[in-house]
Structures are given as structure tokens and as C-alpha cells.
Amino acid sequence: NSDSSVKKLKGDSRPVNTENDRAYILSNLFAVDCVVIFTEETPYEIISKILPDVLVKGGDWKAEDIVGSDVVIKNGGMVKSLKYVNNYSTTGLIKRISSR
């Protein structure tokens with residue numbers, strides 16, 4: 001998501017890291033081939049054009065509910081919902097900093 005879409009979805013205290021910083025971190029992961037910053041409400045159109053082999057989202061999503069999962073699966077790809085790391089979230093970090 002772009003910074004403006006994150007702010008729209010999560011509120012004025014977000015994002016903590018800029019879209020370029022987030023993209024840089026993700027692009028340096030071994031398993032990542034492509035990072036796209038999108039401003040649309042959902043990434044469906046981009047996913048439909050890129051047709052990734054693997055589509056990944058955070059653990060609060062069921063794989064079948066992930067935007068674009070239908071297109072990825074139809075084209076032979078996989079959709080994964082990864083578990084969150086215990087006790088780590090941006091919301092929790094903001095709360096801890098704000099309470100100090």
C-alpha cells in the first residue's frame with residue numbers, strides 16, 4: 001500500500017515507515033522478486049497483471065479471502081496466510097511509545 005492508502009485505512013498515526021522504506025525491506029528478502037506500491041483501494045488489478053506464483057498476506061486473513069487469490073490460484077499459483085510474530089505489531093509499538 002502507498003503511504004496515503006495506509007493512512008486512509010489505519011489513521012493519521014500511520015504509516016510508521018514510509019512506503020519506500022517498506023518496499024526496500026521487502027525487496028531485500030530472498031524470496032521476493034517484485035514489490036509494488038499501489039494507491040488503489042485493493043491490489044486486484046495489479047495482481048491480475050503480474051500473476052505472481054505466490055501471494056502472501058498476514059495471518060488475520062483466510063487464504064480464500066485474500067484479494068486476488070482467485071486469479072493466482074486459477075493461474076497455478078499459491079496463496080498463503082502467514083502467522084504473525086507473537087506480541088509484535090505496529091499498533092502495539094505505537095501504544096508503547098505513546099504511553100511513555
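The values are calculated or read from the model by the stated rules, or taken from the named source; none is laboratory data. Because the structure is predicted, anything quoted here is derived from the model rather than measured. Don't worry about glycine lacking a Cβ; one is built from the backbone with ideal geometry, like all the others, and counts go over all protein chains shown.
Observations, loosely collected:
- Whichever residue in the range 49-88 is over 20 Å from A23 (Cβ atoms) and of a type in the set (G, A, S) and, among such residues, is surrounded by the fewest Cβ atoms within 10 Å (Cβ to Cβ): G76
- Test: E45 is touching a Ser or Thr at 6+ places or on another chain (Cβ under 6 Å) and either surrounded by 12 or more Cβ atoms within 10 Å (Cβ to Cβ) or within 18 Å of G76 (Cα to Cα) (or both): no
- Looking across the range 9-21, the residues that are surrounded by 14 or more Cβ atoms within 10 Å (Cβ to Cβ) and among the charged types (D, E, K, R) come down to K10, R14, E19.
- Residues located in the range 52-82, provided they are of a type in the set (D, E, K, R) and at pLDDT 85 or above: D53, K57, K62, E64, D65, D70, K74, K80
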